[in-house]
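The values are calculated or read from the model by the stated rules, or taken from the named source; none is laboratory data. Predicted model, so just to flag it, every value in this text is computed and none were measured. A quick note on method: Cβ atoms are made from the backbone with ideal geometry, for glycine too, and the neighbour counts reach across all protein chains shown.
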Amino acid sequence: MFIAFAFSILALAAGIPTASNERNFAIRTTWNGNCVKHEPVKISLSPSADGGMIIKILAPFFNSPGRPNGPAGQPFPGLWDYEVVEAFFLNDKNQYLEVELGPWGQHLLLILNGERHAVKDKLPLTTYTATIDGDRWTGEAILPRGYFPPAVTKFNAYAIHGEGDNRVYESLYPATGSETKPDFHNLRYFQPIDISALLNNYNPSDVSDLWKPYVNPDSVVG
């Protein structure tokens, strides 16, 4: 299974669709656009049979920092301070889903109503599994359809590892301006994504119960 997954991701360039509507991305740059010095983190997105989205990760395993002090399969606040891969799904009202997945099985999912303005966190993700195999790790989960904000249009992904001065921040779509430090919530660098190819029977006007309190334009923090 590990070999088949690795082959399917390596066979495609970032963002190119397959017959099954799979989209594959490779994080090849640091947060400010320098080339990474290792095999890139790879992320695969595809529709799930239950109406959600399958996310798969194939990444180098650095074991730095070490394992978070929390059970696998459960939300872990502060997971961004550990080794982690993140995916963000954004709409044009600056509403977005943030997904954080770690090699040890912990996760953290948040919805944000405006830049950096989290309104729900520690969303359950019962489907997430992660496996460490030597110097690589894989992760897979089904993201529930209701977690996505309405009318998603943009996407970015990140990877973090290391400690102290050796902390490394990587971006699929890096900052190209005058920034002096990484900021994964700098939404202007996100790039378009065709979410209708990744969620079956997608209707951009649909609003899940989770997002209904925030769909009024006056409620969006910009």
message: What pairs come out if I take residues in segment 25-44 that are at positive phi and pair them with residues that are among the polar types (S, T, N, Q) whose C-beta lies under 6 Å away, six or more apart or interchain?
response: none
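Checking the condition in contact (Cβ under 8 Å) with a residue 60 or more places away in the chain and under 15 Å from the mean Cα position of the chain (by Cα), which residue from E98, E170, E115, E163 passes? Full working, then the answer.
On the way: E98 fails: in contact (Cβ under 8 Å) with a residue 60 or more places away in the chain; E115 fails: under 15 Å from the mean Cα position of the chain (by Cα); E163 fails: under 15 Å from the mean Cα position of the chain (by Cα).
Answer to the check: E170.
For segment 50-69, give me each residue that is among the hydrophobic types (A, V, I, L, M, F, W, C) and either modelled with pLDDT under 95 or assigned to a strand (DSSP E or B) (or both).
So in segment 50-69, the residues among the hydrophobic types (A, V, I, L, M, F, W, C) come out as 53-55, 57-59, 61-62.
Within segment 50-69, M53, I54, I55, I57, L58, A59 meet the criteria.
Answer with yes or no whether P213 is in a helix (DSSP H, G or I) and over 19 Å from T29 (Cα atoms).
Details: in a helix (DSSP H, G or I): yes; over 19 Å from T29 (Cα atoms): yes.
So P213 passes the test.
I need the full set of residues from segment 173-190 which are outside any loop (DSSP other than H, G, I, E, B) and of a type in the set (K, R), in order please. Walk me through how you get there before you give the answer.
Kept after step one, since they are outside any loop (DSSP other than H, G, I, E, B), are these residues of segment 173-190: 187-189.
The one that is outside any loop (DSSP other than H, G, I, E, B) and of a type in the set (K, R): R188.
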- request: Scan (1) under 15 Å from the mean Cα position of the chain (by Cα); (2) within 19 Å of P60 (Cα to Cα) for the single condition I142 breaks and write down its number.
  value: (2)
field: Selected residue (criterion: surrounded by the fewest Cβ atoms within 10 Å (Cβ to Cβ)) from residues of segment 165-183 that are at pLDDT below 95 and not polar (S, T, N, Q)
entry: D165
message: Given (1) surrounded by 23 or more Cβ atoms within 10 Å (Cβ to Cβ); (2) farther than 17 Å from V84 by Cα, identify the lone condition not met by N186.
response: (1)
query: What is the number of the single condition among (1) under 19 Å from G73 (Cβ atoms); (2) among the polar types (S, T, N, Q); (3) buried (at least 18 other Cβ atoms within 10 Å of the Cβ); (4) touching a strand residue (DSSP E or B) at 6+ places or on another chain (Cβ under 7 Å) that N113 does not meet?
result: (1)
query: Are there any pairs, at least 6 apart or on different chains, whose C-beta atoms fall under 9 Å, with the first in segment 127-144 and farther than 17 Å from S44 by Cβ and touching a residue at least 12 places away in the same chain (Cβ under 8 Å) and the second of a type in the set (A, V, I, L, M, F, W, C) and part of a strand (DSSP E or B), and if so, which?
result: P144/M53
